[in-house]
1. Taking the Cβ of residue 242 as the centre, find all other residues whose Cβ is under 13 Å away and add up their charges (Lys, Arg: +1; Asp, Glu: -1).
2. Tell me the label-point distance for the pair residue 46, residue 60, using the 7 Å Cα-to-Cβ offset, in nm and rounded to one decimal.
3. What does the extension gain come out to for residue 170 and residue 297, with contour length at 0.36 nm per residue minus their alpha carbon separation?
4. Would you mind getting me the FRET efficiency between residue 239 and residue 35? Use the beta-carbon distance for r and R0 = 51 Å, nearest 0.05.
5. Would you mind getting me the FRET efficiency between residue 89 and residue 215? Use the beta-carbon distance for r and R0 = 51 Å, nearest 0.05.
6. Could you order the peptides 89-95, 211-217 from most to least packed, using the average number of other C-beta atoms within 10 Å per residue?
7. Lys and Arg at +1, Asp and Glu at -1: add these up for the other residues within a Cβ distance under 11 Å of residue 232 and post the number.
8. Using only protein heavy atoms and a 1.4 Å probe, report how much of residue 70 is accessible, in Å² to the nearest 10.
Amino acid sequence: MRDQYGRSIEYLRISVTDRCNFRCVYCMPERGLDWLPKPQILSYEEITEIVRQLAPLGLRRLRITGGEPTVRPDLPTLVRELRAVPGIEDIALSTNGVKLPQMAQALREAGLDRVNMSSDSLRPARIAEIARRNLAFDPIAAATAATAAGLDPVKINVVVIRGANDDEVEDFAALTRERPWHVRFIELMPVGDLAGTEFERVVPSDEVLERITARFGPLAPSSGPARGNGPARYFRLPDALGSVGVITPLTHTYCETCNRVRLTADGRLRTCLYGDHEVNLRDALRAGEPLRPLFERALAEKPKEHELLKLRVGGLKALSEVGG
Ligand code: SAM
Ligand code: SF4
């Protein structure tokens with residue numbers, strides 16, 4: 001399945017809920033959002049049916065995400081159903097990690113391959129401050145549970161925010177020496193409650209790499225984890241078991257290699273994170289209509305690149321401040 005620019009679409013990100021047990025400052029307002037009413041949300045059977053119809057067109061890899069996917073009941077059931085779809089080779093989960101200690105084993109047994117866990121700090125008070133919820137989240141215990149369950153690779157995503165957690169870059173990098181984890185530092189994106197101050201709070205990835213080099217010495221470029229390399233660039237500390245990576249949505253675009261589409265919790269297929277390009281699969285599915293013409297339309301409309309940078313023409317000075 002290829003779009004008009006020759007990019008093949010083999011990767012689907014599936015949001016199973018818009019709800020979350022955190023309220024990260026860069027993602028959700030404190031009061032939460034206007035949650036989707038349950039009847040509007042795709043059932044596990046409906047999600048699986050969409051995947052079943054996409055698989056013959058080339059879909060191979062899935063990521064379950066949200067909101068926070070682990071707050072939806074019986075998540076292992078969905079994993080098990082998706083695992084049984086012929087052609088699906090790889091199933092990953094994006095989670096804030098809170099429920100990993102209790103769920104990692106069941107998810108692995110259901111057929112989950114790997115996990116991306118978000119953690120913006122290693123310090124309990126800070127975790128609660130950034131997430132605006134104190135759930136006694138212990139990122140080391142959560143990642144350890146994922147590794148022990150056999151999920152591989154385990155990636156840890158850190159959104160770097162100036163003045164909030166940028167002094168922990170070295171601590172996160174140090175984790176990769178002793179553990180087989182892949183820590184990825186993500187540039188803050190200008191959405192959510194940080195609007196207005198966001199550019200001052202962005203820490204460009206080049207600065208992150210400089211900090212790590214200053215502490216640990218020169219970094220060797222690495223191919224990163226064996227599976228699931230998306231838009232990150234990876235490096236390895238001397239003798240490290242894991243790797244460090246940077247994801248640079250703002251200062252470098254990676255649209256030319258984008259091979260992903262997204263399914264929202266209420267069944268809209270979006271072909272670009274930032275644009276308004278989407279088709280409603282849920283209503284067609286519930287009406288018993290074929291989905292293939294909708295997939296084809298969605299792909300035909302997948303934009304060449306996202307418009308985040310263009311939208312901020314007036315912010316060019318700020319962009320140069322974040323490294324161009
Ligand atoms: N709840 C899960 C989690 O936190 O991993 C999955 C959904 S969350 C929206 C997916 C990822 O988006 C997380 O790694 C989060 O840190 C990242 N994210 C959310 N808002 C962001 C922003 N404004 N800038 C950069 N990354 C962001
Ligand atoms: Fe957003 Fe994930 Fe944080 Fe929830 S845990 S608020 S979905 S980034």
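1. Result for the local shell: +2.
2. 3.0 nm
3. Taking residue 170 through residue 297 to full extension adds about 41.2 nm, to one decimal.
4. FRET efficiency, residue 239 to residue 35: 0.65.
5. So the FRET efficiency works out to roughly 0.85.
6. Output ranking for 89-95, 211-217: 89-95, 211-217.
7. After counting each charged neighbour, the total is +3.
8. Surface accessible to solvent at residue 70 totals approximately 10 Å².
The values are calculated or read from the model by the stated rules, or taken from the named source; none is laboratory data. Not measured: the values here are computed from a predicted model. Here Cβ is always computed from backbone atoms with ideal geometry, including for glycine, and neighbour counts include all displayed protein chains. In case anyone asks, the SASA skips ligands and DNA or RNA and just uses the protein heavy atoms, side chains included. Shrake-Rupley method; radii C 1.70, N 1.55, O 1.52, S 1.80 Å.
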